[in-house]
Amino acid sequence: MHPQTAWSFQALGFPRLCAPHRAPFYLDRKAAALLLYLGLEGPTARGRLAHLLWPDRTEKVARNNLVHLMRRLHANCGRELVEGAEVLSLSADFEVDLVQVREQYLQGRHQELLRYPEVLLEDCSYDDCIDFDDWLLAERERWRDWLQQALHTECARLEVAGEFDAALEAVRRLISLEPVSEEAYVRMMRLYYLIGDRNAALKAYQKCCAVLREELGAEPLPQTVTLMQEIQRGTRPAVPALRSRPLLPLAVLRPPRLVGREREWEQLERAWKAGQCVMILGEPGVGKSRLAQDFAAAHGPGVFWSARPGDRTAPYASLTRLYAHLLETFPGLELPGWVREEIARLLPELGDRPPPITSEDEKRRFFEAGAVLHRLVAARQPLTLCWDDLQFMDAASLEACAYLCTALATDLRLLMTCRSEDVNEALEQMIDSLSGAGQLVRVDLQPLPEAVTTELLATLELSPSLRLPFDLQRRTGGNPMFVLETVRNALEHGDAAGSAAIPARVQQVIRGRLQRLPAHALNAARAAAVLERDFDLEMVAGVLKTSELVLFEAWEELERSQIVRGNVFVHDLICEVILAELPASLRQVLYRNAARVLEQHGAEPARLAALWNDGGKPDHAARLLLEAAQRAEAAFRLQEAAEFYARAARLYASMDPDAAYRAWERCVTLLGRLGDVDAHQIALNALFEAARTPLQEALAWQRQSELYLHVGDGVRAERAACNGARLAHGDPIVEANLRADLGMALWLQDRNAEAAEALEAALAQLDALGAEEELPANYSNLGIILDHLCRYDEAARYHRRALELFEGMSDHSGILVTARNLAISRFEVGQMSEALEAIARALELEREGEVLLHPGYSKVVRGRILTALARYDAAQRDFEVALRLAEESSQARYRELYRVYHAELLLAQEDFSAAAEAFGRSLAFPGLPLGFRLRARVGRARSLLGREPDQARADLEAAMAESSAYSPIQQVALLLARARLEEPAAALDLSGQAWDLARAHGLEAHVRTARALHACALHRLGRADQARALAGAVLAELEAEVVLEATVPELRSLLQPLLP
């Protein structure tokens, strides 16, 4: 190269081309970008460069722009600076200053870096070139790190040499680059004091405190405070000597033996012998993992596995890694075909994924496949399985692990650890459930007492000259990890000031260790922290956009410094501290780069979404959250899916309001299926806020009405449906659905005739529109309303039609509910055969595990039918199952309703004492609905007729006080009960009223009972002929028809004495 004609590119400072004996030529931003990228990255495809610099143009236009740019450079310099055809590179004799700087840095020539400007491509903005902007931001941060390290080294050199003024200039420059560097402020304080300016030193301390509080919310380290106190007293601070970091003793890195855990070890031994799982809980660093590992090692071979930070964002992330770890540790396991198929949901390399999980039964099959995998492992080699750090486990994996704890109780020993402060509700429920069943022992690990801390220090082989703080126990709280970090800090610092500077909290210790890392090692730790889990050298290099070879030295430094061990952080808190103190200028670049790297490794959408969002790309994040929601929904993880939709909606709010509305709408739908009323209402509020058009607001009102219907608030449901109807003009399906909601709201208010009219109109409109998906539920609802109007034959037609449609749609929930309703409808009019057939269909679905709604209710319905058929033993078995299921599901309201029906069985069996007691318990329940209060009062009155007539009369009077709210069938039941109790004349009148009312509403069974009681009243009044004639007619009907009623024996016993 000839110096007289050589050109060079000065990228540091304002970008310019320089040549000997010529004025600098300042470049435009695109030319500067081209030369810098080729200088640092080397030969690059022409298409890649065109896309980097003109991403918003077509490839043809971008390539043309690149040609013109290269021509301008040639014209200005009189020679080719960029050479090549499809692959471009810089001319061999063309120099770039940052390439030279990189060589100087790698060779340790730090002092030479100080002559360069502080900003790379100063005053050049690339907002329109997103990918290049990301690349440049990383390079700018890299240059700043090199320059900061060079300044740290130069400050130390000048201070040791006694050149205090020059050192002060260097430290001022360092603070301008790194305003939150406490180490730089400490050096400034010391330098000011050494040149005799104590006031300036104390002002530097005050400035340091203010910056740390404002920027980091932190206080200065204790050694900084100690230095300030020495300056106040006038003590001359020592000038630090340049030295390397000492090698830490192995005993400090891992103490040779476990101390102070004898009591907990005994608990583990007892659980081991009893075949119980163990959950070890405690604060971070208290020694949970060490205790589990040592105990497992003392009892034979073990498998150790840990949940990782970041698992929480992706359903089954933890379980996927657990299964992969087992299969890798135990190769050659012969998995049954169905087990391989189920585990392939998480590990596609095992085969094709089966269809998405759609039911609880399918989910149990999936969980059982994991249990079989563990049993196969245990069969090959008896072992202990350690699950570490369950606080990081995602909810889906946690549910699976709860199942495994129960399923594997007799197959292997299981130790688990978790941070006590991070136990969430789901984990707490798992612990309580397994503990209550005697399957799990909880071991709470406490910090060490002072005597044991002293014993721990005695095992570390420390030099007697090492000075540790006298208040070590108070500062560390006896937390073993805090103690060890404090010792490491004192060993690494190596002098009295260092040993006195023991942080009160481990975060401060870690922060001090991080500040002593070289810049390249610190950046590697930052990249690993952003990746959070499952990182390796290749991935970290990808985040930093450097090579593994360049990064290798930094990684060795991190391992020497006990920041990482292999591919994990030595402790999770190290990762947390690094993330908390990421520089704002670097944060977004690292998160975006991490997202790109993990995309290439097939990471879960939810995890990628979090990275893109932290990287300032909410549009990417929102799209991935929708994908995560759809995956969770397909895995039947409805709660997680709803949360993902909500997060996507919040991100879309400022970018795409319609997408935000759609995401909130799906979230509302899922929360409606889950039955979480509070969360449902919060999501609905967000849906209203997201609505931008009248139709969107109408749909929101429809969803609001449905929620009010779900909680039984008919008044507010009516208001919501009417509000929606006023906005829904132009969309006939929305109008019809709102009219249907209005019908159900009216039904909840016992305005049954209006409700039927509204639903009939809605159905006619939906039918005409061909909205087949909307029809079956509304047919079923109309059937219920007509049942309450005692229009049973019409109701049955709608129930049957709904059942037919639900069967065609394979909607198991719809089939179950409609079959129950049809059974009840037919039961009320004495059509027992059809009632039994319908309830058998519901029970079939429950047996097959397809769906389970209101546990035990189908058994109750069949129990009532069997009671009416006088099949009391079978009815009793159904009620026992139903009451047990209601008890297990903690549904007190349903349990009390079931008890009322069961008491009616006792009454039918003429066990009057037990029936009266059972009805009394139900009446004492404060939430018993009105209709069931009537049944209980009438039932108790009938139970007490012959023994306590006054109490029976009181029950009936209380029932009469509420009679205006009763349905016709309830009014008939009350009239019949009173007729049994009253004197003949009153009984004749009451039975006559019941007869007329029952006949008017097609209640044939009640008509027969009313006629029988009417005949008895006539007989008691001395009108024997009329009594005999009526009694004979009723008995003839009973003989002529196949009447399947439990009341038949009672009617015969009432009527036969009236005949000659």
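Worth a mention:
- You will find that of Ala1005, Ala1027, the residue that is assigned to a helix (DSSP H, G or I), in contact with a Gly (Cβ under 8 Å, 6 or more places away or on another chain) and touching a residue at least 12 places away in the same chain (Cβ under 8 Å) is Ala1005 and no other.
- Restricted to the range 565-622, the set of helices (runs of 4 or more DSSP H) holding at least 3 residues that are of a type outside the set (Ser, Thr, Tyr) and crowded, with 22+ Cβ neighbours inside 10 Å comprises 584-600, 605-614.
- The helices (runs of 4 or more DSSP H) falling completely within the range 775-872 that include 2 or more residues that are among the charged types (D, E, K, R) and within 30 Å of Glu888 (Cβ to Cβ) map to 812-828, 832-847, 857-868.
- Residue count for the range 747-757 satisfying the condition of being assigned to a helix (DSSP H, G or I) and surrounded by fewer than 24 Cβ atoms within 10 Å (Cβ to Cβ): 6.
- Enumeration of residues in the range 134-180 that are within 30 Å of Ala595 (Cβ to Cβ), of a type in the set (A, V, I, L, M) and not assigned by TED's automatic domain parsing to the domain that holds Leu120: Leu147, Leu177, Val180
- Residues of the range 109-132 satisfying the condition of being free of Cβ contacts under 8 Å to residues at least 24 places away in the same chain and touching a helix residue (DSSP H, G or I) at 6+ places or on another chain (Cβ under 9 Å): Arg109, Glu112, Asp127
- Residue check, Glu349 in the same structural domain as Ala395 (by TED's automatic domain parsing) and in contact (Cβ under 8 Å) with a residue 60 or more places away in the chain: no
- Qualifying residue in the range 675-692 (condition: modelled with pLDDT of 90 or more, under 22 Å from Ala648 (Cα atoms) and charged (D, E, K, R)): yes
- Single unsatisfied condition, Asp93 versus (1) assigned by TED's automatic domain parsing to the domain that holds Arg29; (2) part of a helix (DSSP H, G or I); (3) in contact (Cβ under 8 Å) with a residue 40 or more places away in the chain: (2)
- Strands (runs of 3 or more DSSP E) contained entirely in the range 368-482, each with at least 3 residues that are of a type in the set (A, V, I, L, M) and under 19 Å from Leu268 (Cβ atoms): 413-419, 440-444
- Candidates in the range 932-982 are the residues that are surrounded by fewer than 17 Cβ atoms within 10 Å (Cβ to Cβ) and either polar (S, T, N, Q) or over 29 Å from His1019 (Cβ atoms) (or both); of these, the one that is modelled with the lowest pLDDT is Ala965.
- No other residue among Ala721, Ala679 is within 30 Å of Pro929 (Cα to Cα) and in contact with a Phe, Trp or Tyr (Cβ under 8 Å, 6 or more places away or on another chain) apart from Ala721.
- The set of residues in the range 116-172 that are outside any helix (DSSP H, G or I) and farther than 21 Å from Phe9 by Cα comprises Asp127, Asp128, Cys129, Ala161, Gly162, Glu163.
- Taken over the range 154-191, the criterion of being at pLDDT below 85 and of a type in the set (Lys, Arg) is satisfied by Arg157, Arg190.
- Any hit, the range 388-397, residues being modelled with pLDDT of 85 or more, among the aromatic types (Phe, Trp, Tyr) and under 24 Å from Glu640 (Cα atoms): yes
- Looking at Leu866, Leu786, Leu769, Leu852, just one residue is closer than 28 Å to Ala736 by Cβ, buried (at least 18 other Cβ atoms within 10 Å of the Cβ) and either of a type outside the set (S, T, N, Q) or modelled with pLDDT under 90 (or both), and that residue is Leu786.
The values are calculated or read from the model by the stated rules, or taken from the named source; none is laboratory data. Given the structure is predicted, the values throughout are model-derived calculations rather than measurements. Because the Cβ atoms are built from the backbone with ideal geometry, glycine has one as well, and the counts that use them run over all protein chains shown.
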